[in-house]
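Chemist: Below you'll find the structure I mean.
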Amino acid sequence: TLLRRADRALQRAKRQHSGCEIYEAEDVNEDRDQLALVGDLRRAIAHGELRLYYQPKANVANRKIRSVEALVRWQHPTRGFMPPDKFIPLAESSGLIRQLTYWVLDEAMRQAREWAEAGHGLKIAVNLSQQSLLDESIHAEIERVLERHRVPAKALEIEITESALVSDLSAANAALAKLDEMGIALSIDDYGTGYSSLSHVRGLPVSCIKIDRSFVSGMLVDPKNAAIVRSTIELARELGITVVAEGVETMEEWDALAEL
(Lines give C-alpha, C1' and ligand atoms only; values in the text may rest on other atoms or scores of the structure.)
Protein backbone atom coordinates (compact mmCIF):
# COMPACT_ATOMS: atom_id res chain seq x y z
CA THR A 1 0.00 0.00 0.00
CA LEU A 2 2.83 2.37 0.88
CA LEU A 3 4.62 1.73 -2.42
CA ARG A 4 1.41 2.07 -4.44
CA ARG A 5 0.58 5.40 -2.85
CA ALA A 6 4.14 6.67 -3.25
CA ASP A 7 3.99 5.76 -6.94
CA ARG A 8 0.68 7.60 -7.28
CA ALA A 9 2.25 10.75 -5.84
CA LEU A 10 5.28 10.27 -8.10
CA GLN A 11 3.10 10.09 -11.22
CA ARG A 12 1.28 13.30 -10.26
CA ALA A 13 4.60 15.06 -9.63
CA LYS A 14 5.79 14.05 -13.10
CA ARG A 15 2.53 15.08 -14.73
CA GLN A 16 2.46 18.48 -13.03
CA HIS A 17 6.26 19.02 -13.19
CA SER A 18 6.08 20.07 -9.55
CA GLY A 19 9.06 18.10 -8.26
CA CYS A 20 7.28 16.87 -5.15
CA GLU A 21 3.72 15.71 -4.39
CA ILE A 22 2.08 14.11 -1.36
CA TYR A 23 -0.44 11.28 -1.74
CA GLU A 24 -4.03 12.28 -1.03
CA ALA A 25 -7.05 10.07 -0.42
CA GLU A 26 -8.93 11.44 -3.43
CA ASP A 27 -6.23 9.95 -5.66
CA VAL A 28 -8.01 6.60 -5.24
CA ASN A 29 -11.17 8.05 -6.78
CA GLU A 30 -9.15 9.54 -9.62
CA ASP A 31 -7.57 6.14 -10.31
CA ARG A 32 -10.98 4.50 -10.47
CA ASP A 33 -12.29 7.23 -12.74
CA GLN A 34 -9.35 6.87 -15.12
CA LEU A 35 -9.77 3.09 -15.17
CA ALA A 36 -13.46 3.47 -16.05
CA LEU A 37 -12.57 5.95 -18.79
CA VAL A 38 -10.10 3.48 -20.31
CA GLY A 39 -12.92 0.95 -20.60
CA ASP A 40 -15.18 3.59 -22.14
CA LEU A 41 -12.50 4.54 -24.67
CA ARG A 42 -11.96 0.91 -25.66
CA ARG A 43 -15.69 0.60 -26.30
CA ALA A 44 -15.78 3.94 -28.16
CA ILE A 45 -13.09 2.79 -30.61
CA ALA A 46 -14.82 -0.55 -31.19
CA HIS A 47 -18.34 0.84 -31.59
CA GLY A 48 -17.75 3.97 -33.62
CA GLU A 49 -18.34 6.61 -30.95
CA LEU A 50 -15.38 8.69 -32.16
CA ARG A 51 -15.62 11.29 -34.92
CA LEU A 52 -13.10 12.97 -37.19
CA TYR A 53 -13.33 16.70 -37.80
CA TYR A 54 -11.36 18.26 -40.64
CA GLN A 55 -9.43 21.51 -40.36
CA PRO A 56 -8.68 23.13 -43.73
CA LYS A 57 -5.23 24.10 -44.95
CA ALA A 58 -5.50 26.95 -47.45
CA ASN A 59 -2.93 28.18 -49.96
CA VAL A 60 -2.00 31.74 -49.01
CA ALA A 61 -1.43 32.68 -52.69
CA ASN A 62 -4.82 31.71 -54.13
CA ARG A 63 -6.89 30.98 -50.99
CA LYS A 64 -7.76 27.49 -52.25
CA ILE A 65 -8.00 24.63 -49.77
CA ARG A 66 -5.37 22.11 -50.82
CA SER A 67 -5.58 19.69 -47.92
CA VAL A 68 -7.07 19.13 -44.46
CA GLU A 69 -5.95 17.85 -41.07
CA ALA A 70 -7.95 15.11 -39.36
CA LEU A 71 -8.80 15.86 -35.72
CA VAL A 72 -10.31 13.11 -33.57
CA ARG A 73 -13.12 13.99 -31.16
CA TRP A 74 -15.13 11.94 -28.67
CA GLN A 75 -18.76 12.53 -27.76
CA HIS A 76 -19.00 10.47 -24.58
CA PRO A 77 -22.53 9.13 -23.94
CA THR A 78 -22.61 10.39 -20.33
CA ARG A 79 -19.64 12.77 -19.93
CA GLY A 80 -20.44 14.75 -23.07
CA PHE A 81 -17.91 16.22 -25.47
CA MET A 82 -14.32 15.32 -24.60
CA PRO A 83 -11.41 17.21 -26.17
CA PRO A 84 -8.39 15.16 -27.28
CA ASP A 85 -6.17 16.29 -24.41
CA LYS A 86 -8.54 14.40 -22.09
CA PHE A 87 -8.27 11.03 -23.81
CA ILE A 88 -5.17 10.95 -26.07
CA PRO A 89 -2.73 10.81 -23.08
CA LEU A 90 -5.00 8.14 -21.59
CA ALA A 91 -4.80 6.12 -24.80
CA GLU A 92 -1.00 6.39 -24.76
CA SER A 93 -0.63 5.34 -21.12
CA SER A 94 -3.13 2.46 -21.40
CA GLY A 95 -1.82 1.00 -24.65
CA LEU A 96 -4.96 1.91 -26.62
CA ILE A 97 -3.07 4.37 -28.82
CA ARG A 98 -2.44 1.67 -31.45
CA GLN A 99 -6.17 0.88 -31.87
CA LEU A 100 -7.00 4.60 -31.83
CA THR A 101 -4.38 5.44 -34.46
CA TYR A 102 -5.51 2.60 -36.73
CA TRP A 103 -9.12 3.77 -36.46
CA VAL A 104 -8.16 7.37 -37.34
CA LEU A 105 -6.10 6.23 -40.35
CA ASP A 106 -8.89 4.00 -41.61
CA GLU A 107 -11.62 6.62 -41.22
CA ALA A 108 -9.48 9.36 -42.77
CA MET A 109 -8.71 7.30 -45.86
CA ARG A 110 -12.36 6.26 -46.16
CA GLN A 111 -13.21 9.96 -46.25
CA ALA A 112 -10.43 10.61 -48.77
CA ARG A 113 -11.95 8.02 -51.11
CA GLU A 114 -15.43 9.51 -50.66
CA TRP A 115 -14.17 13.01 -51.44
CA ALA A 116 -12.17 11.77 -54.44
CA GLU A 117 -15.27 10.11 -55.91
CA ALA A 118 -17.11 13.43 -55.47
CA GLY A 119 -14.36 15.26 -57.37
CA HIS A 120 -12.50 16.69 -54.39
CA GLY A 121 -8.95 15.33 -54.31
CA LEU A 122 -7.91 16.58 -50.88
CA LYS A 123 -4.87 15.28 -49.04
CA ILE A 124 -5.62 14.36 -45.43
CA ALA A 125 -3.04 14.80 -42.67
CA VAL A 126 -3.07 12.43 -39.69
CA ASN A 127 -1.08 12.93 -36.51
CA LEU A 128 1.10 10.09 -35.24
CA SER A 129 2.32 9.91 -31.66
CA GLN A 130 5.86 8.82 -30.92
CA GLN A 131 4.56 5.38 -29.91
CA SER A 132 2.71 5.00 -33.20
CA LEU A 133 5.65 6.24 -35.28
CA LEU A 134 7.97 3.67 -33.70
CA ASP A 135 5.37 0.88 -33.84
CA GLU A 136 6.91 -1.81 -36.08
CA SER A 137 3.51 -2.62 -37.61
CA ILE A 138 2.55 0.96 -38.53
CA HIS A 139 3.92 0.81 -42.08
CA ALA A 140 2.09 -2.42 -42.90
CA GLU A 141 -1.08 -0.99 -41.38
CA ILE A 142 -0.86 2.17 -43.50
CA GLU A 143 -0.33 0.07 -46.64
CA ARG A 144 -3.36 -2.05 -45.74
CA VAL A 145 -5.56 1.02 -45.19
CA LEU A 146 -4.49 2.64 -48.47
CA GLU A 147 -5.18 -0.58 -50.36
CA ARG A 148 -8.50 -1.16 -48.64
CA HIS A 149 -9.86 2.25 -49.58
CA ARG A 150 -8.14 2.36 -52.98
CA VAL A 151 -6.36 5.66 -52.37
CA PRO A 152 -2.78 6.54 -53.40
CA ALA A 153 -0.08 7.25 -50.85
CA LYS A 154 -0.08 10.91 -51.92
CA ALA A 155 -3.58 11.23 -50.40
CA LEU A 156 -2.08 10.79 -46.91
CA GLU A 157 0.20 13.11 -44.96
CA ILE A 158 1.72 12.11 -41.64
CA GLU A 159 2.33 14.76 -38.99
CA ILE A 160 4.81 14.20 -36.16
CA THR A 161 5.24 16.58 -33.25
CA GLU A 162 8.63 18.15 -32.76
CA SER A 163 8.98 16.64 -29.27
CA ALA A 164 8.38 13.12 -30.64
CA LEU A 165 11.32 13.54 -33.01
CA VAL A 166 13.75 14.91 -30.45
CA SER A 167 13.27 12.10 -27.92
CA ASP A 168 14.81 9.52 -30.28
CA LEU A 169 15.99 11.23 -33.45
CA SER A 170 17.74 8.22 -35.02
CA ALA A 171 14.79 5.85 -34.55
CA ALA A 172 12.34 8.50 -35.74
CA ASN A 173 14.49 9.18 -38.79
CA ALA A 174 14.47 5.49 -39.76
CA ALA A 175 10.69 5.28 -39.36
CA LEU A 176 10.18 8.47 -41.37
CA ALA A 177 12.47 7.18 -44.13
CA LYS A 178 10.20 4.14 -44.57
CA LEU A 179 7.13 6.35 -44.85
CA ASP A 180 8.94 8.59 -47.31
CA GLU A 181 9.79 5.56 -49.47
CA MET A 182 6.07 4.73 -49.55
CA GLY A 183 5.39 8.14 -51.10
CA ILE A 184 3.71 9.64 -48.03
CA ALA A 185 4.24 13.34 -47.30
CA LEU A 186 5.76 14.07 -43.89
CA SER A 187 5.29 17.16 -41.75
CA ILE A 188 6.57 18.39 -38.39
CA ASP A 189 3.70 19.63 -36.22
CA ASP A 190 3.81 22.38 -33.56
CA TYR A 191 7.20 23.58 -34.76
CA GLY A 192 8.90 25.96 -32.34
CA THR A 193 7.52 24.46 -29.13
CA GLY A 194 10.08 21.67 -28.72
CA TYR A 195 13.85 21.54 -28.60
CA SER A 196 14.85 20.81 -32.17
CA SER A 197 15.99 23.23 -34.83
CA LEU A 198 15.98 23.44 -38.59
CA SER A 199 19.44 21.88 -38.50
CA HIS A 200 17.73 18.68 -37.28
CA VAL A 201 14.96 19.06 -39.83
CA ARG A 202 17.51 19.32 -42.62
CA GLY A 203 18.49 15.68 -42.10
CA LEU A 204 14.92 14.36 -42.02
CA PRO A 205 12.77 13.44 -45.05
CA VAL A 206 10.11 16.05 -44.22
CA SER A 207 8.49 18.33 -46.78
CA CYS A 208 6.62 20.67 -44.44
CA ILE A 209 6.82 22.30 -41.01
CA LYS A 210 3.86 23.78 -39.16
CA ILE A 211 4.52 26.87 -37.07
CA ASP A 212 2.68 26.53 -33.77
CA ARG A 213 -0.42 28.68 -33.36
CA SER A 214 0.99 30.29 -30.21
CA PHE A 215 3.46 32.16 -32.44
CA VAL A 216 1.02 32.88 -35.27
CA SER A 217 -1.78 34.28 -33.11
CA GLY A 218 0.63 36.64 -31.35
CA MET A 219 2.72 37.76 -34.30
CA LEU A 220 0.80 41.04 -34.76
CA VAL A 221 1.25 42.19 -31.17
CA ASP A 222 4.54 40.60 -30.11
CA PRO A 223 7.69 41.46 -32.12
CA LYS A 224 9.41 38.32 -30.83
CA ASN A 225 6.64 36.07 -32.17
CA ALA A 226 6.77 37.94 -35.48
CA ALA A 227 10.54 37.42 -35.65
CA ILE A 228 10.17 33.66 -35.02
CA VAL A 229 7.54 33.33 -37.74
CA ARG A 230 9.53 35.41 -40.22
CA SER A 231 12.86 33.65 -39.63
CA THR A 232 11.25 30.19 -39.77
CA ILE A 233 9.68 30.98 -43.14
CA GLU A 234 12.96 32.32 -44.50
CA LEU A 235 15.03 29.35 -43.33
CA ALA A 236 12.45 26.83 -44.51
CA ARG A 237 12.40 28.45 -47.93
CA GLU A 238 16.20 28.11 -48.15
CA LEU A 239 15.85 24.40 -47.32
CA GLY A 240 13.02 23.90 -49.84
CA ILE A 241 10.50 23.06 -47.11
CA THR A 242 6.86 24.17 -47.20
CA VAL A 243 5.53 26.14 -44.22
CA VAL A 244 2.05 25.95 -42.70
CA ALA A 245 0.92 28.55 -40.16
CA GLU A 246 -1.50 27.13 -37.60
CA GLY A 247 -4.47 28.93 -36.13
CA VAL A 248 -4.97 31.81 -38.60
CA GLU A 249 -8.28 33.34 -37.53
CA THR A 250 -8.20 36.95 -38.76
CA MET A 251 -7.62 38.60 -42.13
CA GLU A 252 -4.90 40.72 -40.53
CA GLU A 253 -2.94 37.56 -39.68
CA TRP A 254 -3.59 36.16 -43.16
CA ASP A 255 -2.37 39.32 -44.87
CA ALA A 256 0.76 39.47 -42.71
CA LEU A 257 1.60 35.86 -43.57
CA ALA A 258 0.88 36.45 -47.25
CA GLU A 259 3.36 39.32 -47.20
CA LEU A 260 6.02 37.07 -45.68
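Chemist: Taking the conditions exactly as written (within 22 Å of residue 72 (Cα to Cα), open to solvent by less than 10 Å² (accessible area, probe 1.4 Å) and either part of a helix (DSSP H, G or I) or not small (Gly, Ala, Ser) (or both)), does residue 176 satisfy them or not? Don't jump to the end; show me each part of the working.
Modeler: Values: within 22 Å of residue 72 (Cα to Cα): no; open to solvent by less than 10 Å² (accessible area, probe 1.4 Å): yes; either part of a helix (DSSP H, G or I) or not small (Gly, Ala, Ser) (or both): yes.
Spelling it out, it is not the case that residue 176 is within 22 Å of residue 72 (Cα to Cα), open to solvent by less than 10 Å² (accessible area, probe 1.4 Å) and either part of a helix (DSSP H, G or I) or not small (Gly, Ala, Ser) (or both).
Residue-by-condition table, conditions (1) of a type in the set (Val, Ile, Thr); (2) over 18 Å from residue 189 (Cα atoms):
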residue: 221; (1), (2): yes, yes
residue: 226; (1), (2): no, yes
residue: 237; (1), (2): no, no
residue: 242; (1), (2): yes, no
residue: 246; (1), (2): no, no
residue: 250; (1), (2): yes, yes
residue: 254; (1), (2): no, yes
residue: 258; (1), (2): no, yes
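Chemist: Just checking, does the stretch 117-129 include any residue being open to solvent by less than 30 Å² (accessible area, probe 1.4 Å) and closer than 26 Å to residue 12 by Cβ?
Modeler: Yes, that holds for at least one residue.
Chemist: Check every one of the helices (runs of 4 or more DSSP H) wholly within the stretch 1-112 and list those with 1 or more residues that are within 16 Å of the chain's Cα centre (by Cα), without any contact (Cβ under 8 Å) to a residue 12 or more places away in the chain and under 21 Å from residue 189 (Cβ atoms).
Modeler: Numbers: elements: 2-16, 26-46, 84-94.
Those helices (runs of 4 or more DSSP H) span 84-94.
Chemist: Quick one: in the stretch 113-130, which of the residues that are without any contact (Cβ under 8 Å) to a residue 60 or more places away in the chain and in contact with a Lys or Arg (Cβ under 8 Å, 6 or more places away or on another chain) is farthest from residue 148 (Cα to Cα)?
Modeler: Step one: of the stretch 113-130, the residues without any contact (Cβ under 8 Å) to a residue 60 or more places away in the chain are 113-122, 126, 128-130.
Then keep just the ones that are in contact with a Lys or Arg (Cβ under 8 Å, 6 or more places away or on another chain); that gives 113, 122.
On the way: 113: 10, 122: 18 Å.
Only one residue fits best here, namely 122.
Chemist: While we're here: Condition check: more than 17 Å from the chain's Cα centre (by Cα) and surrounded by 14 or more Cβ atoms within 10 Å (Cβ to Cβ). Does residue 192 satisfy that? Quick ask: steps written out before the conclusion?
Modeler: Details: more than 17 Å from the chain's Cα centre (by Cα): no; surrounded by 14 or more Cβ atoms within 10 Å (Cβ to Cβ): yes.
For residue 192, the condition - more than 17 Å from the chain's Cα centre (by Cα) and surrounded by 14 or more Cβ atoms within 10 Å (Cβ to Cβ) - is not met.
Chemist: Restricting to the stretch 129-178, what's the tally of residues that are hydroxyl-bearing (Ser, Thr, Tyr) and touching a strand residue (DSSP E or B) at 6+ places or on another chain (Cβ under 7 Å)? Spell out the reasoning first.
Modeler: First, pick out the residues of the stretch 129-178 that are hydroxyl-bearing (Ser, Thr, Tyr): 129, 132, 137, 161, 163, 167, 170.
With the extra rule that they be touching a strand residue (DSSP E or B) at 6+ places or on another chain (Cβ under 7 Å), the set shrinks to 161.
Summing the residues that are hydroxyl-bearing (Ser, Thr, Tyr) and touching a strand residue (DSSP E or B) at 6+ places or on another chain (Cβ under 7 Å) in the stretch 129-178 gives 1.
Chemist: For the stretch 234-252: of the residues being open to solvent by 40 Å² or more (accessible area, probe 1.4 Å) and assigned to a helix (DSSP H, G or I), which is nearest to residue 202 (Cα to Cα)? Break it down stepwise before answering.
Modeler: From the stretch 234-252, those open to solvent by 40 Å² or more (accessible area, probe 1.4 Å) are 234-235, 237-240, 242-243, 248-252; that's our starting set.
Checking which are assigned to a helix (DSSP H, G or I) leaves us with 234-235, 237-239, 251-252.
Details: 234: 14, 235: 10, 237: 12, 238: 10, 239: 7, 251: 32, 252: 31 Å.
Looking at residues that are open to solvent by 40 Å² or more (accessible area, probe 1.4 Å) and assigned to a helix (DSSP H, G or I), I get 239.
Chemist: For the stretch 144-172, what are the residues that are out of contact with any Ser or Thr (no Cβ under 9 Å at 6 or more places or on another chain) and open to solvent by 40 Å² or more (accessible area, probe 1.4 Å)? Lay out the reasoning, then the answer.
Modeler: Our first condition is that a residue be out of contact with any Ser or Thr (no Cβ under 9 Å at 6 or more places or on another chain); within the stretch 144-172, this holds for 144-156, 167-168, 170-172.
Scanning the stretch 144-172 gives 144, 147, 148, 150, 152, 154, 167, 168, 170.
Chemist: Name the single residue that is farthest from the chain's Cα centre (by Cα) among those in the stretch 211-233 being in a loop (DSSP other than H, G, I, E, B) and surrounded by 20 or more Cβ atoms within 10 Å (Cβ to Cβ). Before the answer, list the steps.
Modeler: Going through the stretch 211-233, the residues in a loop (DSSP other than H, G, I, E, B) turn out to be 212, 217-222.
Now narrow it down to the ones that are surrounded by 20 or more Cβ atoms within 10 Å (Cβ to Cβ): 212, 219.
Working: 212: 12, 219: 23 Å.
Across the stretch 211-233, the extreme among qualifying residues is 219.
Chemist: Just the residues that are modelled with pLDDT under 90 and surrounded by 12 or more Cβ atoms within 10 Å (Cβ to Cβ), please, taken from the stretch 46-75.
Modeler: Matches in the stretch 46-75: 49, 66, 75.
The values are calculated or read from the model by the stated rules, or taken from the named source; none is laboratory data. Bear in mind the structure is a predicted one, so any value in this text is a computation, not a measurement. Counting neighbours? That spans all protein chains shown, and the Cβs are built from the backbone with ideal geometry, glycine included. Accessible surface areas use protein heavy atoms only, side chains included; no ligands, DNA or RNA. Shrake-Rupley method; radii C 1.70, N 1.55, O 1.52, S 1.80 Å.
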